Amino acid sequence: FVTTKDYAVALGTKPSVTSVQPADGTLLYWNAAAALQGTAVDAQSDPIEYEILVDGQAVKAWSAQPSFTWTPPSSAAGLHTVEVRARDAFGDQDAKQSEVLVIRQPVSHP
């Protein structure tokens with residue numbers, strides 16, 4: 001005897017990070033607040049959480065908030081990679097990066 005039954009399997013989609021701010025090549029100044037943020041979409045409209053990393057280190061843990069204010073210290077002068085990760089409730093993830101340069105703010109002369 002053989003019994004068969006058909007099952008429908010729904011394949012989900014992963015979110016897609018569409019943008020990272022600041023964009024590649026942006027100049028940031030040390031000791032000045034900079035907005036780090038990303039946007040992502042999910043084809044099935046699943047809720048999305050974001051994580052933001054600078055040079056591979058999380059500066060903002062997973063949450064529904066897609067932005068974070070980062071104030072680089074003077075010791076952070078140089079090139080840095082900003083990464084925004086997005087995940088849905090099923091754990092599917094996507095990420096996008098940009099490179100920013102942290103420098104000393106120009107001196108204004110009267």
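The values are calculated or read from the model by the stated rules, or taken from the named source; none is laboratory data. A quick note: this is a predicted structure, and the numbers were derived from the prediction, not measured. Every residue, glycine as well, gets a Cβ built from its backbone with ideal geometry; the counts of neighbours run over all protein chains shown. The area values use the complete protein model at the heavy-atom level, side chains included, leaving out ligands, DNA and RNA. Shrake-Rupley method; radii C 1.70, N 1.55, O 1.52, S 1.80 Å.
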Contour minus Cα-Cα span, Ala64 to Ala76, at 0.36 nm per residue, comes to 1.6 nm
Would you check the accessible area of Lys14, probe 1.4 Å, heavy atoms only, in square angstrom rounded to 10?
-> 120 Å²
How would Trp62, Trp70 rank on accessible area, largest to smallest, probe 1.4 Å?
-> Trp62, Trp70
Applying the Karplus parametrisation 6.51 cos²θ - 1.76 cosθ + 1.60 with θ = phi - 60° to the phi angles of region 90-95, what ³J(HN,Hα) value in whole Hz is obtained for each residue in order, glycine and proline being reported as x?
-> 8, x, 5, 10, 9, 8
If you wrap a convex hull around the Cα atoms of region 6-104, how much volume per residue is inside, in Å³?
-> 83 Å³
Per-residue HN-Hα couplings for region 41-52, Karplus 6.51 cos²θ - 1.76 cosθ + 1.60 at θ = phi - 60°, whole Hz, x for Gly and Pro?
-> 10, 10, 4, 9, 6, 5, x, 10, 10, 10, 10, 10
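Can you give me the accessible area per residue for the chain, using a 1.4 Å probe, in Å²? Don't skip to the end; give the middle numbers.
On the way: 7210 Å² over 110 residues.
For the chain, the per-residue accessible area is 66 Å².
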Could you give the distance between the Cα centres of region 27-55 and region 72-110, to the whole Å?
-> 9 Å
Report in % the part of the accessible area of the chain that belongs to carbon and sulfur, leaving out ligands and nucleic acids; probe 1.4 Å.
-> 53 percent
How big is the charge dipole of the chain about its Cα centre, in debye rounded to the nearest 20, if each Lys and Arg gets +1 on its Cβ and each Asp and Glu gets -1 on its Cβ?
-> 240 debye
